[in-house]
1. Enter the accessible area of R173 (Å², nearest 10), with the probe set to 1.4 Å and all protein chains included.
2. Taking H placed 1.01 Å from N in the peptide plane, check which residues at least 5 places from R173 or on another chain put their amide H under 5 Å from its amide H.
Amino acid sequence: GFCLEAVGDFNGDARAEISGTLGAWPALAGTELRIDASGPDLGAALVPYRGHRKRPPKPFALSAEVAGSAARITSRRLTARIGRNDIEGRLTMRLEGRPFVDADLRSERLNVVAFERALGDEPPASAPAEAETQDAPGERARLLSDEPFSLGLLQKLDLALRLEAAELVLPGRTLRDVVV
């Protein structure tokens, strides 16, 4: 293995720092890295060319301590913030065979609608992005919509997830004190 230290500024006045040890190629066993990245606009940092859809700037910060190999990666400490959204916790990914993700995460505010938009999946025009919907007087409120959840990703990997969120924003509904 060898020691790696890199600090750099990249597009959009963002900054990234990676330090640690990479294991021997190709297994990368014994890899231990510390990753820190931050900037005033995630979109500008990730899309260095002109002509992309302009969105309001979203400041971001990512910090993680990663250990593992090419077959399995573990983050003992993961914190991420994009705009007003945050998440922290632990994450393990097995990459050999059928991929497996095991995560225990916490968040003060997690806006699923914002992540769908960041990935290019716009919610239906009829679904209010961040507002809670109001039910008619005397009508019982639904916690979840009739629309089926898209779980296609789970056909490609196994997932064990625990999520605690003080505020979880879904299309058309904001939930508080959520444990999944």
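The values are calculated or read from the model by the stated rules, or taken from the named source; none is laboratory data. A quick note: this is a predicted structure, and the numbers were derived from the prediction, not measured. Only protein heavy atoms, including side chains, enter the accessible area calculation; ligands, DNA and RNA are left aside. Shrake-Rupley method; radii C 1.70, N 1.55, O 1.52, S 1.80 Å.
1. Accessible area, nearest 10 Å²: 40 Å².
2. none
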